[in-house]
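To start, the structure itself, in structure tokens.
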Amino acid sequence: MADYVAPVRDIRFALDLVGLDDLFKYPAFAHVDAGSVDDLLTEYGRFSAEVFAPINRGGDKEHSVVLPGTAEVRTPTGFRDAYQQYVSAGWGSVPFDPAHGGGGFPWLVAIAMQEMLTSSNMAFSLCPLLTQGAIEALSHHGSEELQEIYLRKMVSGEWTGTMNLTEPQAGSDVGALTSKALPAADGTWRVFGQKIYITYGEHDMADNIVHLVLARIPDAPAGTKGISLFIVPKFLVNADGSLGARNDAKVVSLEHKMGINASPTCVMAYGDDGDGAVGFMVGEPNTGMRSMFTMMNNARLSVGLEGLAIAERAYQDAVQYALERVQGRPVGGAVGDAIVGHPDVRRTLLYMRSHIEAMRGLTFMNAKALDMSRHHPDADERAHALELADLLVPLSKAWCTDLGVELTSMAVQIFGGMGFVEETGVAQHYRDARIAPIYEGTNGIQALDLIGRKLPMRGGAVVLDLLDDIEATDARLGAAVGEVRRATTWILGHAAAPIESMAGATPYLRALATTVGGWMLARQAQAAVGDDAYSAAKRSTATFYFDNILPTVSGLCAQAMAGSHALMSVPAEALRSQ
Ligand SMILES: Cc1cc2nc3c(=O)[nH]c(=O)nc-3n(C[C@H](O)[C@H](O)[C@H](O)COP(=O)(O)OP(=O)(O)OC[C@H]3O[C@@H](n4cnc5c(N)ncnc54)[C@H](O)[C@@H]3O)c2cc1C
């Protein structure tokens, strides 16, 4: 397996493509400039390659484990030390509010950094990722007092965060959760219940863990309208900020998974000892789901980015292997030439590379839209940017994570039999990638969000305006845009019979995302004007995508408009093999 090399030049290229520099004009980012971003990316790229990447394989083999007879989790060798280095260097604080000790950098820069962290070690990256989500929820909805106690330590990374939504009967349907919180005389709450699949719910890398837990208070309305959000710290915090008593929030067991083995995925019990875990309400009663929505865009974008990051990591391995492995004489080549000379191998590599560049363009554009929606000085521009960000989030999440699985599988294929053998390490990327289409809202749910909530924005004008912009960029995008426009109009026209459009939501999402990806590559080709090898490669990658990937949009749109009859007309029992 090749050593991970942070693709800083490619990342910088994509940042320029989406116009990072525009953000420096906003008062919020007046202290940031291109030079500081360059230095940050170069240094973090080095740090990721030298600190996180070397413990990726060991983490996969060793797993995190519950120490027998305790409620403590030991992370794999090197994880604790790597995390301490991460905290000491202050990497986790880069995008957060300077008022809480953050660096105040654009989210777009944080996303670029996150790509390198996740490529180098996806299982490790989940700890900072979950902390990030908890910081965001607390920053937007926590009282001043809660922010004062928790935020600085979380922004610095000294304390980590978790998100506790899922219960055995409440997965995609979060509204079915039954964990409860009872009021205590002192104004705090006592939380009871079991949560499953809680990422980094317990570990040994930080002094305290700040759990954000969704639960119901007495007499709460049914469903998502009756959910409240609580902070339940592993250790209670004394008035002077020091750590106090151990709270009744404990890991019961860890899941045995097919990938991200180093990441402890915990079954958590709250209040098992009897009196309840001490909790503090975040925001108003019964507004927990609304609070979750605030951080959902960022969280979903970050999970989408996992697809890109793990595909990039697998691609680096695949290229290296293709350049070294000798097997058969490539047509027109010499004896001893490597398999990279075979057109089919080259096609596989170009399929991977072109999608990686398209995904980077999409996710970075999405991150910039989020920055604009929060910090653009003009209110109309902020609203416009939020619409774009909202539209792109399900594409970033679902398209990139589906591609993460597809492209890591292709990397295994490039390795032939050696890909199926664990020693080469490429199989780990495939196993790790498989979770991303499942968590943070399954990709099926993302497709429903796209057609049910996002397409109807401004009566369809948000998506149709975007399609106009895409079409105006490059004539080669015209056919795909025409197909997607037709499918979009068809879906919007079936609002009265949603089952028809729901049936084709997933192929529709892929068609739209593939077209947006083509747009990013068209802009890439226009930006790569030099006659050097780097620019030529950027242009030829775009040409490959136009010739080989964009034509699939037509078939996807046909699926999107096929309707529900063939899917739903037979009774469910008849689906069994007989
Ligand atoms: C490794 C790992 C880490 C995780 N980390 C966390 C965490 O930190 N915190 C946390 O709270 N949770 C976490 N989760 C839980 C994760 O978010 C859920 O697994 C996910 O939301 C899906 O829920 P489920 O597993 O119950 O699947 P289900 O909801 O049962 O879904 C099963 C299938 O049915 C489909 N489906 C369900 N409902 C619909 C619908 N309405 N329309 C169309 N299709 C539908 C789904 O798309 C899916 O294909 C994690 C899970 C894993 C495996």
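Being assigned to a helix (DSSP H, G or I), within 30 Å of Asp344 (Cα to Cα) and without any contact (Cβ under 8 Å) to a residue 40 or more places away in the chain is a condition met by at least one residue of segment 427-448.
Scanning segment 183-198 for residues that are in contact with a Lys or Arg (Cβ under 7 Å, 6 or more places away or on another chain) and closer than 10 Å to Asp275 by Cα yields a single hit, Phe192.
Answer yes or no: is there a residue in segment 456-463 that is within 15 Å of the ligand (Cβ to nearest atom) and crowded, with 18+ Cβ neighbours inside 10 Å.
no
Conditions (1) at pLDDT below 95; (2) in a loop (DSSP other than H, G, I, E, B); (3) among the charged types (D, E, K, R), marked per residue:
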{"position": "Arg46", "(1), (2), (3)": "no, no, yes"}
{"position": "Val51", "(1), (2), (3)": "no, no, no"}
{"position": "Ile55", "(1), (2), (3)": "no, no, no"}
{"position": "Lys61", "(1), (2), (3)": "no, no, yes"}
{"position": "Asp81", "(1), (2), (3)": "no, no, yes"}
{"position": "Gln84", "(1), (2), (3)": "no, no, no"}
{"position": "Ser88", "(1), (2), (3)": "no, no, no"}
{"position": "Gly102", "(1), (2), (3)": "no, yes, no"}
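For beta carbons closer than 6 Å, sequence separation of 6+ or different chains, a first residue in segment 358-385 that is farther than 20 Å from Phe13 by Cβ and a second that is outside any helix (DSSP H, G or I) and open to solvent by less than 60 Å² (accessible area, probe 1.4 Å), the qualifying pairs are His375/Tyr26; Arg382/His376.
Condition check ((1) within 16 Å of the ligand (Cβ to nearest atom); (2) not aromatic (Phe, Trp, Tyr)) across all residues:
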residue	(1), (2)
Leu370	no, yes
Pro377	no, yes
His384	no, yes
Ala398	yes, yes
Thr401	yes, yes
Gly416	no, yes
Phe420	no, no
Gln428	yes, yes
Ile445	yes, yes
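For segment 126-165, filtering for residues that are within 19 Å of Phe293 (Cα to Cα), hydroxyl-bearing (Ser, Thr, Tyr) and surrounded by fewer than 19 Cβ atoms within 10 Å (Cβ to Cβ) leaves 1. Exactly one residue out of Arg431, Arg453 is surrounded by fewer than 24 Cβ atoms within 10 Å (Cβ to Cβ), under 23 Å from the mean Cα position of the chain (by Cα) and closer than 24 Å to Thr199 by Cβ: that is Arg431. Among the residues here, Thr473 does not qualify as on the phi < 0 side of the Ramachandran plot, in contact (Cβ under 8 Å) with a residue 12 or more places away in the chain, within 16 Å of the ligand (Cβ to nearest atom) and surrounded by fewer than 21 Cβ atoms within 10 Å (Cβ to Cβ).
Being small (Gly, Ala, Ser), buried (at least 16 other Cβ atoms within 10 Å of the Cβ) and within 29 Å of Met457 (Cβ to Cβ) is a condition met by no residue of segment 488-499.
If I filter segment 231-256 down to residues being within 13 Å of the ligand (Cβ to nearest atom) and surrounded by 16 or more Cβ atoms within 10 Å (Cβ to Cβ), which single residue comes out as farthest from Arg216 (Cα to Cα)?
If we take residues in segment 231-256 being within 13 Å of the ligand (Cβ to nearest atom) and surrounded by 16 or more Cβ atoms within 10 Å (Cβ to Cβ), then Leu254 is farthest from Arg216 (Cα to Cα).
Within segment 170-188, the set of residues being away from the ligand (no atom under 16 Å from the Cβ), of a type in the set (A, V, I, L, M), outside any strand (DSSP E or B) and in contact with a strand residue (DSSP E or B) (Cβ under 8 Å, 6 or more places away or on another chain) comprises just one member, Ala184.
Of all the residues that make up segment 15-59, how many are farther than 30 Å from Thr424 by Cα and either buried (at least 16 other Cβ atoms within 10 Å of the Cβ) or among the hydrophobic types (A, V, I, L, M, F, W, C) (or both)?
Adding up the residues that qualify gives 14.
Among the residues making up segment 189-201, a single one is open to solvent by less than 20 Å² (accessible area, probe 1.4 Å) and away from the ligand (no atom under 12 Å from the Cβ): Val191.
Residues of segment 212-220 include at least one that is more than 16 Å from the ligand (Cβ to nearest atom), modelled with pLDDT of 95 or more and either within 15 Å of Thr162 (Cβ to Cβ) or touching a Gly at 6+ places or on another chain (Cβ under 6 Å) (or both).
Considering only residues in segment 130-169 that are within 16 Å of the ligand (Cβ to nearest atom) and acidic (Asp, Glu), the one that is modelled with the highest pLDDT turns out to be Glu167.
Restricting attention to segment 63-79, the residues being within 27 Å of Val426 (Cβ to Cβ) and either in a helix (DSSP H, G or I) or open to solvent by less than 20 Å² (accessible area, probe 1.4 Å) (or both) number 4. Residue under question is Ser125, and the condition is that it be farther than 30 Å from Ala249 by Cα, modelled with pLDDT of 95 or more, of a type in the set (S, T, N, Q) and not in a loop (DSSP other than H, G, I, E, B); does it hold? Judged against the criteria, Ser125 is not a match. Filtered by the rule that a residue be of a type outside the set (Gly, Ala, Ser) and surrounded by fewer than 24 Cβ atoms within 10 Å (Cβ to Cβ), segment 257-280 gives Lys257, Met258, Asn261, Thr265, Val267, Asp272, Asp273, Asp275, Val278, Phe280.
Scan segment 500-538 for residues that are part of a helix (DSSP H, G or I) and surrounded by fewer than 17 Cβ atoms within 10 Å (Cβ to Cβ) and jot them down. Hits for segment 500-538 are Gln526, Ala527, Ala533, Tyr534, Ser535, Ala536, Ala537.
The values are calculated or read from the model by the stated rules, or taken from the named source; none is laboratory data. Computed from a predicted structure; not experimentally measured. Glycine gets a Cβ as well: all are built from the backbone with ideal geometry, and neighbour counts include every protein chain shown. Just the protein is used for accessible areas: all its heavy atoms, side chains included, with ligands, DNA and RNA removed. Shrake-Rupley method; radii C 1.70, N 1.55, O 1.52, S 1.80 Å.
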